[in-house]
Structures are given as C-alpha cells and as structure tokens.
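Heads up, the thing below is written out as structure tokens.
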Amino acid sequence: LEISGSSFSLACPQSSGMSTGSNLQSKDQFLCSICLDVFTDPVTTACGHNFCKTCITQHWDGNNFASRPQLRVNTLFSEMQSQQQQQLRATSCQTRRGSL
C-alpha cells in the first residue's frame, strides 16, 4: 500500500516487523498525518498506520482510489481520546465554577 498526498506520503512495508522507533512515546504518534491534529475517530490500516476516519476517507475519495485497505477502529486511541475529552470537560467546568 502506498498513500501519497500534498501533506504526507508513506509506504507500508510488506514485512510484519516493527520499526526501531515504534516503541518511543511521542506526542506526534497521536496526530493524524493528514490534518496534523489529534485523531478524531481514529482508524488503523492493516499495516499499522493511523488516521482520522474522515481524513483518510476524504483523501481516498478525492484521489479516486479504486482499491482501499480495510480500516479497523483503533480502540486504544479512541479510549485515550475519550478520556482526554472527559478531562477537558471536567477542567472547563471547574474553571467556570471558579470564576463565578
């Protein structure tokens, strides 16, 4: 699989081996390489690349991809996103209460 666009380009290796940098925790691993923002409805390709579902679907639609790999919901990123949203809501509520 090779995906190319004006804002990103990547090729999925055919081997199932992990890259040497895959175990490093990085803020960038939680960013979609298309929109460059934190994942929204994160999905994963068979080769392990992650995107926002809307971003990859729109990219494929705009570039007339005839064959598309199957996408899986990335439950880890989805859960992390949900927890972050809950924390942001709680912080927002505490901030509003503190300003009253």
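The values are calculated or read from the model by the stated rules, or taken from the named source; none is laboratory data. Not measured: the values here are computed from a predicted model. Note that we place each Cβ from the backbone using ideal geometry, even for glycine, and neighbour counts take in every protein chain shown.
Selection of first residues in region 44-60 that are within 12 Å of residue 29 (Cα to Cα) and of second residues that are outside any strand (DSSP E or B) and modelled with pLDDT under 90, restricted to Cβ pairs under 6 Å at least 6 apart or on distinct chains, gives the following pairs, ordered by first then second residue: 50/74. Within region 20-43, residues that are closer than 18 Å to residue 79 by Cβ and outside any loop (DSSP other than H, G, I, E, B) have Cβ atoms under 7 Å from residues that are basic (Lys, Arg) and modelled with pLDDT of 75 or more in these pairs: 43/53; 43/72, counting only partners at least 6 apart in sequence or on another chain. Here the condition is being of a type in the set (Val, Ile, Thr), at pLDDT 85 or above and loosely packed, with under 15 Cβ neighbours inside 10 Å; of 57, 75, 44, it holds for 75 alone.
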